[in-house]
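J.: Can you read through this structure? Questions will come right after.
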Amino acid sequence: MPARKTQKRRPETACLILGVGSFAHSIGTALADAGATVSTYLTRNYGHYPPSLVGPTYARQAHPSPVPLLKPSGVEVVIPQSIDWALQPWTGDLLKSGVGIFSPTREAMRIERERAFARKLCADFKIPFPPAYVAANQAEAEKFLAKNPKPFVIKNPLCSPTSPIHTILCETAADTRAWLKHVNYTEGVFLQEYLGRAEVGHIALVSGGEIYPLVTNQEYKYAFNGNQGVVAGAPLGGLVEKDPGDKYGLARHLICPLLPWLRAAKFNGPLQVTAVKRKGCWHVIEYNIRIGVTSGPMILRMLKNPTEIVLRTARNEKLELLFKPGLNFGCSLTLAGYGYPFIQVRSPHLPLEVNGKFDCDVWWNEVARGSDNKFVSTGHRIADVIALAAKLDAAIARAYANIRKIRVVGSYYRSDIGQSLWPPGNV
């Protein structure tokens, strides 16, 4: 008999995540389950344990730069958690390394980084954007408000996790006037007219000079039920709907007109638009160049070929999106810890109990192993619970059934995800 030919096995794609907590845990697991090898460069001083459940982790203290880690591990693609990677001392070396980056780079990053630049882009391409103004100091901001006595959303002109101003949503002119006395004007202030709560998003990939719509998504940004309380640092929950056909027209009206600029800026990577509907028209609130802390894991789980899509996008190649059948909707719930969202309130490490077996994804965030090898919560965001299903109600029900299995004293989660803000345009 002739000798049997051995089939050559395709080498596994090696990915390096820049991040911590549930982001690294979830993205890493989704890619590892799809055949990738995963490691994580820890970019912040918390949430170090969860990424270690997927693969090797590297601390900044021991490795001041992730670039020397790339070649020994055969890394083909780097996946950043936030845009701050582009401000590091090693950014130039990473760009020169030739490794694919699952993020736009250089000029293309300005669409998220600089709010006034995004506003100008929308004006240039005739995309609706709320009236906005950049003030250098308190006196200038108050003078503008006196001439324009309306509610404004107060933002930092430059977007970053370490910005001196985090989004403050004001629903009256009096709210805005009161807050302007208390914000940090180190980088100035970006005042964007408040258009209401009918907010939604769409996430697409841009690669090979083309736009590929992925999902329409909803983030529940307020800390408490009924969309009450402050806008938290990260959403308390979220929904996604598989939407490569762009059924709500968000990509068509708010992303596709940017195609000439996207090509000129050599943009490749994720692009998310957040918009508010007013008088029947969607207005851009902001653009982000990440797949999102809540939406990202759901997107990768929905795709048949997530590792291939991430790698090809990082290489700026044409894409063929293939979705798993029967996974049309996703629901994400966050278990928040003691004191959240008021992160100046601290609590001790507290015991974490799991009662029963999970039947959906649970991504740990600020969680570690205690001296007795049992889980303890170590911070303000404990876990993200994510369920996918053919129908939205089923995804929501499964997520709630699983988050109820986790107990930490003083923790909470919103119990009303999906009861407002959906379908898109609703409040």
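Only the coordinates and a few stated rules stand behind these numbers; no lab work does. Please read these numbers as outputs of a predicted model, since none were measured by experiment. Counting neighbours? That spans all protein chains shown, and the Cβs are built from the backbone with ideal geometry, glycine included.
J.: For the charge dipole of the chain, defined by +1 on Lys and Arg C-beta atoms and -1 on Asp and Glu C-beta atoms about the Cα centroid, which residue among G269, Y412, W422 has the Cα displaced farthest towards the positive pole?
T.: G269
J.: Taking neighbour Cβ counts within 10 Å as the exposure measure, how do K221, K405, K96 sort from fewest upward? If you can, show how the numbers build up before the last one.
T.: Values: K221 22, K405 15, K96 9.
Lowest count first: K96, K405, K221.
J.: Sticking with this one: May I ask which of K247/K324; K155/K391; K242/K277 have a Cα-Cα span longer than 25 Å here?
T.: Working: K247/K324 19 Å; K155/K391 36 Å; K242/K277 20 Å.
Too far apart for the 25 Å limit: K155/K391.
J.: In the structure displayed, which of K304/K374; K126/K147; K96/K304 lie more than 29 Å apart, Cα to Cα?
T.: Numbers: K304/K374 34 Å; K126/K147 26 Å; K96/K304 31 Å.
Among K304/K374; K126/K147; K96/K304, the Cα-Cα distance tops 29 Å for K304/K374; K96/K304.
J.: May I ask for log10 I(q)/I(0) of the range 131-193 at q = 0.16, 0.24, 0.25 Å⁻¹, from a Debye sum over the Cα atoms as equal point scatterers with solvent left out?
T.: -0.40, -0.94, -1.03
J.: Arrange R315, R290 by Cβ neighbour counts within 10 Å, fewest through most, would you? All intermediate terms of the calculation are to be shown ahead of the outcome.
T.: Numbers: R315 16, R290 22.
Fewest-to-most Cβ neighbours within 10 Å comes out as R315, R290.
J.: Now for a different question. Report the calculated FRET efficiency for E114 and K391 (r = Cβ-Cβ distance, R0 = 41 Å), to the nearest 0.05. Please list the in-between numbers first.
T.: Numbers: r = 40 Å, r/R0 = 0.98.
For R0 = 41 Å, the calculated efficiency reads 0.55.
J.: Given N residues in the range 70-119, what is Rg(Cα) / (2.2 N^0.38 Å)? List each step's numbers first, then the result.
T.: Numbers: Rg = 12.2 Å, N = 50, 2.2 N^0.38 = 9.7 Å.
Cα Rg divided by the expected 2.2 N^0.38 Å: 1.26.
J.: Another question, then. Two-decimal Rg/Rh of the range 329-407 from alpha-carbon positions, Kirkwood Rh?
T.: On the way: Rg = 13.5 Å, Rh = 13.2 Å.
The Rg/Rh ratio comes out at 1.02.
J.: With springs only between Cα atoms under 10 Å apart, run a GNM on the chain and tell me which of H380, H349, H283 wobbles the most.
T.: Comparing H380, H349, H283 in the GNM, the peak value goes to H349.
J.: Any idea what the dipole of the chain comes to, in debye rounded to 20, about its Cα centre with Lys/Arg Cβ at +1 and Asp/Glu Cβ at -1? Display every interim value, and only then the final one.
T.: On the way: 50 positive and 33 negative charges, 116 e Å.
Dipole magnitude for the chain comes out near 560 debye.
J.: Report the local net charge at W85: Lys and Arg +1, Asp and Glu -1, summed over other residues whose C-beta lies under 13 Å from its C-beta.
T.: Here the count lands on +2.
J.: Can you put E219, E107 in order, fewest other beta carbons within 10 Å first? Present the calculation step by step, with values, prior to reporting the outcome.
T.: Working: E219 24, E107 13.
Lowest to highest Cβ neighbour count: E107, E219.
J.: Could you give the nm distance between label points at N45 and T91, where each point is 7 Å from its Cα heading toward the beta carbon?
T.: Each label point is offset 7 Å from its Cα along the Cβ direction, giving 2.2 nm.
J.: Can you list the equivalent-ellipsoid semi-axes of the chain, largest first and in whole Å, using the square root of 5 times each Cα gyration tensor eigenvalue? Write down the numbers at each step before the final one.
T.: Values: eigenvalues 221, 142, 103 Å².
Each semi-axis is the square root of five times an eigenvalue, giving 33, 27, 23 Å.
J.: Can you give me the P(r) profile for the range 116-166? Cα pairs, bins 10 angstrom wide beginning at 0, each as a whole percent.
T.: That works out to 21, 46, 32, 1, in percent per bin.
J.: Kindly give Rg over Rh for the range 14-101, based on alpha-carbon atoms, with the Kirkwood expression for the hydrodynamic radius. Please list the in-between numbers first.
T.: On the way: Rg = 11.7 Å, Rh = 12.7 Å.
My calculation puts Rg/Rh at 0.92.
J.: 7 Å from Cα along Cα→Cβ at both I343 and L319: what's the point-to-point distance in nm?
T.: Modelled inter-label distance: 2.8 nm.
J.: Right, another one. Given springs between every Cα pair under 10 Å in a Gaussian network model of the chain, which of K120, K181, K277 has the largest fluctuation?
T.: Maximum fluctuation in the GNM of the chain, among the listed residues, is at K181.
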